[in-house]
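The next block holds one structure in the form of structure tokens; read it before the comments.
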Amino acid sequence: MGGRRVQGMVGWARKLLPALATVLLVAGCRKERGEDFAVVPVQPAPTLEAPRASGEVFRLSEQRGKVVLLSFGYTACPDVCPTTLSQLQRLHKRLGEAARDMEVVFVSVDPERDSAQQLETYVHAFNPRFTGLRLDAEALAPMLSAWRVTATRRYPDSERYREHPFTGDMPYTVDHTGAFFLVDKAGALRARMPYTVSVERLQQEVERLLSEEGTPAAGVRVEKARARLTPARVGAVYLTLVNTSGREDRLVSAESTTAARVELHEVIAQGELLQMHPRPEGFVVPAKGRVELAPGGKHLMLYALQDAPASLPLTLHFEKAGTVQLTVPVSAPGADEP
């Protein structure tokens, strides 16, 4: 009787293992895609202000138009911090010219030992364009709390070193959060990634934020916006709408000072017959989903263009997320699609 029960349990386990392996594989793939790294809903990054070694004040609020990559550490850190900064240097090199629109900031969690000048010398050893910031202890604590960063001193066991007592101050290390914080060009905190993430994955996320145009509304961002104009003073705008919120939204209208009017349209193909349908009801953007506005499908139709600009201003109006303003690059007639 017992033998049959054991055999039954073994058979049940054999059936369960493939399913369990599938679950683990899916979980691993989700993590590799970085879905767990996103900060949802999109929210403004916490305040960060601190003097540079030069005496000028660095303000995160003044970095609009750049992607800011932030990390926390200290100069006496023997392992995690130099690994983090080396990773950031590799990222900077891989980005090439695009790195000019990225600001790398390293904030000290050890103001007692890290002077502003010492911190600048430290980060510049990895890359002279990196910024090192030091806040005094009174200002540091609330800032770390706002960013949800932990920093705790760890002293050596005095009993262990009783035969060889320390002279002067007892040395210590700092247990601290090891992560990359990504702030987009509009000042929103978009991702929090562990310091162990691969440089390839980090580059993918930074390049995605660098490619975004304008200020993302709460829960909605715009990617890959571009316009194609014709000599007949009409044109179309193509872009991708990404809804990071947990509720459905809708693009209801658009406008541009360069065009007399902008309408939402969709091309419907019935065999060789192509029909242009206005969509006054707008385009639904599903919760946690995306909508592609692309040639031969949904697009924004531009009428009575005033000139042939290199870029045009565009305002999008969403049902829930509000207004997004962006500048859209223009492709010349006959140019290849980006």
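The values are calculated or read from the model by the stated rules, or taken from the named source; none is laboratory data. In this text the structure is predicted, and so the values were computed from the model without any measurement. Glycine also receives a Cβ, built like all others from the backbone with ideal geometry; neighbour counts cover every protein chain displayed. Just the protein is used for accessible areas: all its heavy atoms, side chains included, with ligands, DNA and RNA removed. Shrake-Rupley method; radii C 1.70, N 1.55, O 1.52, S 1.80 Å.
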Scanning segment 85-126 residue by residue, the ones that are open to solvent by less than 10 Å² (accessible area, probe 1.4 Å), closer than 16 Å to V68 by Cα and not in a strand (DSSP E or B) total 5
Only unsatisfied item for S211, checking (1) at pLDDT 90 or above; (2) surrounded by fewer than 21 Cβ atoms within 10 Å (Cβ to Cβ); (3) closer than 23 Å to M102 by Cβ; (4) not hydrophobic (A, V, I, L, M, F, W, C), is (1)
Checked R228, R221, R247, R192 against criteria (assigned to a loop (DSSP other than H, G, I, E, B), charged (D, E, K, R), touching a residue at least 12 places away in the same chain (Cβ under 8 Å) and open to solvent by 10 Å² or more (accessible area, probe 1.4 Å)); the one match is R247
Within segment 251-262, restricting to residues that are in a strand (DSSP E or B) and open to solvent by less than 60 Å² (accessible area, probe 1.4 Å), the one that is nearest to F37 (Cα to Cα) is L251
Exactly one of H299, H277 is without any contact (Cβ under 8 Å) to a residue 24 or more places away in the chain, out of contact with any Pro (no Cβ under 8 Å at 6 or more places or on another chain) and closer than 26 Å to A232 by Cα, and that one is H277
Within segment 214-231, the residues that are of a type outside the set (V, I, T) and either within 20 Å of K298 (Cα to Cα) or modelled with pLDDT of 90 or more (or both) are R221, E223, K224, A225, R226, A227, R228, L229
By residue number, the members of segment 316-334 that are crowded, with 19+ Cβ neighbours inside 10 Å and of a type outside the set (A, V, I, L, M) are F318
Conditions (1) out of contact with any His (no Cβ under 9 Å at 6 or more places or on another chain); (2) farther than 27 Å from Q43 by Cβ -> Y238 fails only (1)
